[in-house]
1. Among residues belonging to the range 138-161 that are in contact with a strand residue (DSSP E or B) (Cβ under 8 Å, 6 or more places away or on another chain), within 17 Å of residue 109 (Cβ to Cβ) and modelled with pLDDT of 90 or more, point out the one that is surrounded by the fewest Cβ atoms within 10 Å (Cβ to Cβ).
2. Tell me, which residue of the range 132-154 that is part of a loop (DSSP other than H, G, I, E, B), in contact with a helix residue (DSSP H, G or I) (Cβ under 6 Å, 6 or more places away or on another chain) and without any contact (Cβ under 8 Å) to a residue 60 or more places away in the chain is nearest to residue 175 (Cα to Cα)?
3. Considering only residues that are outside any helix (DSSP H, G or I) and either touching a residue at least 60 places away in the same chain (Cβ under 8 Å) or under 21 Å from residue 69 (Cβ atoms) (or both), which ones fall in the range 226-251?
């Protein structure tokens with residue numbers, strides 16, 4: 001028996017990284033009967049086929065430390081959320097949805113803005129003001145250019161030794177960034193549709209890749225939208241870290257920070273809580 005980690009899964013066949021190399025595996029029927037579906041990032045036990053081939057069967061899935069439904073990935077330590085500075089145009093509401101999704105599953109998020117080489121000098125003040133909103137909220141923000149290599153060393157160091165999921169809308173350069181961080185792997189990359197200026201999907205399935213400096217990164221298909229569930233709305237204020245210093249200071253214990261009087265969060269809007277971020281909180285809560 002071997003211990004390993006699922007790094008790829010397509011059509012019921014899983015590639016498992018073990019101390020004896022990569023094995024092509026199927027899942028034993030007992031897992032299916034128990035309603036357990038192996039997924040990327042799972043730590044598993046493999047029974048080799050014994051015929052000298054790197055093949056076998058997954059016999060057990062170890063308890064998961066974390067799990068994301070969309071993208072479907074287990075045992076991740078951080079979410080690298082990639083957006084472009086431009087091309088495609090930055091969408092703050094969509095970024096906040098990605099951040100909420102990561103927080104909902106208790107996964108720390110790192111924000112990465114790619115295409116730094118496209119940022120013109122006259123655009124920097126407005127861009128810096130926007131990134132300061134997220135830095136002041138408590139997020140780590142990294143600026144990189146997959147085209148020139150700027151910032152990539154610092155980005156790789158941010159999650160060395162961890163398993164990180166890389167997410168973001170199409171066309172922002174996720175695959176190009178991963179190509180730079182994983183020297184043994186070259187992903188297909190795509191530009192933008194000239195007609196609609198949206199990213200062309202280049203990643204067809206999730207795959208866990210070994211980073212050059214240790215750890216793994218999971219590239220995932222690009223998303224056009226993320227739905228905020230009713231379950232997330234029940235605890236929405238917890239997904240806005242800039243609200244946390246004022247938890248429990250409102251007049252009402254069940255304050256939703258919307259129309260209630262004597263709300264500690266609303267009193268800080270325009271001070272250390274960004275009006276733009278608060279407006280999006282209201283939008284998400286009332287939609």
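1. Among residues in the range 138-161 that are in contact with a strand residue (DSSP E or B) (Cβ under 8 Å, 6 or more places away or on another chain), within 17 Å of residue 109 (Cβ to Cβ) and modelled with pLDDT of 90 or more, the one surrounded by the fewest Cβ atoms within 10 Å (Cβ to Cβ) is 154.
2. Kept after step one, since they are part of a loop (DSSP other than H, G, I, E, B), are these residues of the range 132-154: 137-139, 144-151.
With the extra rule that they be in contact with a helix residue (DSSP H, G or I) (Cβ under 6 Å, 6 or more places away or on another chain), the set shrinks to 137-138, 144-148, 150.
Applying the additional criterion that residues be without any contact (Cβ under 8 Å) to a residue 60 or more places away in the chain yields 144-148, 150.
Values: 144: 13, 145: 12, 146: 9, 147: 12, 148: 15, 150: 16 Å.
Result: 146.
3. The first filter runs over the range 226-251 and keeps only residues outside any helix (DSSP H, G or I), leaving 226-229, 235, 240, 247-251.
Correct list: 226, 227, 228, 229, 235, 240.
The values are calculated or read from the model by the stated rules, or taken from the named source; none is laboratory data. The model shown is predicted, which means the values in this text are computed figures rather than measured ones. So basically every Cβ, Gly included, is an ideal-geometry build from the backbone, and we count neighbours across all protein chains shown.
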